[in-house]
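Only one structure is covered here, and it is reproduced in the block below.
The values are calculated or read from the model by the stated rules, or taken from the named source; none is laboratory data. On a predicted model such as this, the values are computed, not experimentally measured, just so you know. Quick reminder, even Gly has a Cβ in these numbers, built from the backbone with ideal geometry, and neighbours come from all protein chains shown. The protein model used for the area step is the full one, side chains on, heavy atoms only, and it has no ligands, DNA or RNA in it. Shrake-Rupley method; radii C 1.70, N 1.55, O 1.52, S 1.80 Å.
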Amino acid sequence: MSDGTALAGPDGGLRCPWALSAPEYVAYHDEEWGRPVHGDDALFERLSLEAFQSGLSWITILRRRPGFRAAFADFKIASVAAFTDEDRERLLADAGIIRNRAKIDATLANARALTAWSPGELDELIWSHAPDPAGRPVPKTLSDVPPVTPESTALSKALKKRGLRFVGPTTAYALMQACGLVDDHLETCVARRAPSEARAHADQRLRRVRATGDMGPAAP
């Protein structure tokens, strides 16, 4: 039984324990989780999938991701916003996704809300909540990784204030982890970014925030 520290994977490299709980997790952990994601459509996909994951394990969503992408037009915001009542009924009958009525309705409503935003605005809002990596202790075990943070709470409030649904603080933090706003790979994990890379992304984020005149997380 793991004590929450990194474990040796198939190649002998140490990884976060959750990455070894299912075969599909290794590639996701090594190549995607914690890597910076930018672009409104890409972030809309991650936000939508994290919402569908609520109450379920991530592996359930990961195994259905191809089905989700096919069902939701590759999560192109403009395309999903144009879905009709017939599309909604199609989604409710699609065995390739999670057929949860509230989550499907939230995804459609979120896409429609986002069409009123300026290009890049979703990216800017989400990344404005990325904390300075220099101020975050490096997790040594899974118990050092929080389920929610002040930044994720602020992000959740900012998204809700702009009319988005299914974006609670825990979902917001999962989004931050998945999209590289934070690096929660354990200290000895082979997938952990080098401090210089993390610093470079933090500096890039600060330049974007300074350009908008907003030096901190969006107001609740």
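Rounded to the nearest whole Hz, the Karplus-based 3J(HN,Hα) values (6.51 cos²θ - 1.76 cosθ + 1.60, θ = phi - 60°) of the range 144-157 follow the sequence 7, 9, x, x, 7, 9, x, 5, 6, 5, 5, 5, 4, 5, with x at glycine and proline.
Expressed as a whole percent, the proportion of Cα-Cα pairs in the range 14-208 lying more than 19 Å apart is 59%.
Where does the chain land at 222 nm, in deg cm²/dmol rounded to the nearest 500, when only DSSP H runs of n ≥ 4 count, each adding -39500 (n - 2.57), divided by all residues? Let's see the in-between values first.
Working: 10 runs with 111 residues, N = 220.
The helix-only estimate for the chain comes to -15500 deg cm²/dmol at 222 nm.
Solvent-accessible area per residue in the chain equals 47 Å², computed with a 1.4 angstrom probe and all protein chains kept.
Applying 0.36 nm per residue to the separation of Ala134 and Glu24 and subtracting their alpha-carbon distance, the gain on full extension is 36.5 nm.
In this structure, the amide hydrogen of Leu14, modeled 1.01 Å from its nitrogen in the peptide plane, lies closer than 5 angstrom to those of Gly9, Val190, counting only residues at least 5 positions away or on a different chain.
Suppose every K and R has +1 on its Cβ and every D and E has -1 on its Cβ; what is the size of the dipole of the range 14-208 about the Cα centre, in Debye to the nearest 20?
Around 340 debye, computed over the range 14-208.
Computed 3J(HN,Hα) for the range 89-100, one whole-Hz value per residue from the Karplus formula 6.51 cos²θ - 1.76 cosθ + 1.60 where θ = phi - 60°, is 5, 4, 5, 5, 9, 8, 6, x, 10, 8, 8, 9, glycine and proline marked x. Applied to the range 45-58, the Karplus parametrisation 6.51 cos²θ - 1.76 cosθ + 1.60 on θ = phi - 60° returns per-residue 3J(HN,Hα) values of 4, 4, 4, 5, 5, 5, 5, 5, 6, 3, x, 10, 7, 5 Hz, with x for Gly and Pro. Glu89 contributes about 100 Å² of solvent-accessible surface, heavy atoms of the protein only, 1.4 Å probe. Taking every protein chain into account, the 1.4 Å probe leaves Asp74 with about 90 Å² of accessible area, to the nearest ten.
Please report, as a whole percent, how much of the solvent-accessible surface of the chain comes from carbon and sulfur atoms (probe radius 1.4 Å).
Working: 5610 of 10240 Å².
Exposed carbon and sulfur together represent 55 percent of the surface.
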